[in-house]
Structure formats: C-alpha cells, structure tokens
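Written out below as structure tokens is the structure these notes cover.
The values are calculated or read from the model by the stated rules, or taken from the named source; none is laboratory data. Nothing here was measured: the structure is a model prediction, and the numbers come from that model. Note that each Cβ is placed from the backbone with ideal geometry, even for glycine, and that neighbours are counted across all protein chains shown.
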Amino acid sequence: MGIKNLFLKEVNRMKKIFIVEDDYHLQNLYKILLSQHNYNVIGTANNGDQAILTFKTFIEKPSVIIMDYRIPKKNGIKTMKEILEIDHKVKVIIITGDKL
C-alpha cells in the first residue's frame, strides 16, 4: 500500500480537517485532494501562532490536523505540543519535505 493510500486511509476515519501549511499552493492542493474524497477542511493557518489561535476558536474541533513541520513563528512540533495541551484527543499528521 502506497503512502497516498495509507494517508487517505488514516484520514478517512476523520472527516473534519485543519490544515497548517505556509505554502499557499500546498494548502490548496490538500484542500482539493481532501474535498475530492469527501473530507471537510474546516480551517487553515499559515504559521504556528495562527494555528493555535485558530484551533482555540473552533466550536467543533477538527478530528485531524495536517501540519507542516517547517512553519513560521513556531515549528510544527512546538505547535502540535501546544495544541495537544488544549485537546489531547486530536490527531496530528506532521508533513515535511526535509530529508530525514
């Protein structure tokens, strides 16, 4: 099973998606791909601080957050930790283009 199928299988169980990505083109790509598979993107953020503020404003929290590792103001790991302090049940998928 390819990465795309594993990604979609995991997200398939979780309909409400929050995207944290500073690259506008990738944000749009995620929105298009997810909407084609009947997922609801309930919000986007361009940096770590914005992600935390936006997450706090959600009346109904997302089921999963798709988050870039390298985002401005706070990296994805720091942002994820702060969001998990607010809601420890949310699932976070960290994405990076970095060589591991």
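For the reader, a short list of remarks on this structure follows.
- Residue in the range 71-78 that is surrounded by fewer than 18 Cβ atoms within 10 Å (Cβ to Cβ), under 13 Å from the mean Cα position of the chain (by Cα) and not in a loop (DSSP other than H, G, I, E, B) present: yes
- In the range 16-31, the count of residues that are touching a helix residue (DSSP H, G or I) at 6+ places or on another chain (Cβ under 9 Å), modelled with pLDDT of 95 or more, in a helix (DSSP H, G or I) and at negative phi is zero.
- In the range 35-70, the residues that are basic (Lys, Arg) and not in a helix (DSSP H, G or I): Lys61, Arg70
- Taken over the range 55-78, the criterion of being hydroxyl-bearing (Ser, Thr, Tyr) and under 18 Å from Gly97 (Cα atoms) is satisfied by Tyr69 alone.
- Within the range 23-36, residues that are closer than 15 Å to Arg70 by Cβ have Cβ atoms under 8 Å from residues that are surrounded by 15 or more Cβ atoms within 10 Å (Cβ to Cβ) and among the acidic types (Asp, Glu) in these pairs: Asp23/Asp68; Leu26/Asp68; Gln27/Glu21, counting only partners at least 6 apart in sequence or on another chain.
- Condition met for Thr44 (within 17 Å of Lys16 (Cβ to Cβ), modelled with pLDDT of 90 or more and crowded, with 19+ Cβ neighbours inside 10 Å): yes
- Residues satisfying the stated conditions in the range 42-94, i.e. among the β-branched types (Val, Ile, Thr) and in contact (Cβ under 8 Å) with a residue 60 or more places away in the chain: Ile93
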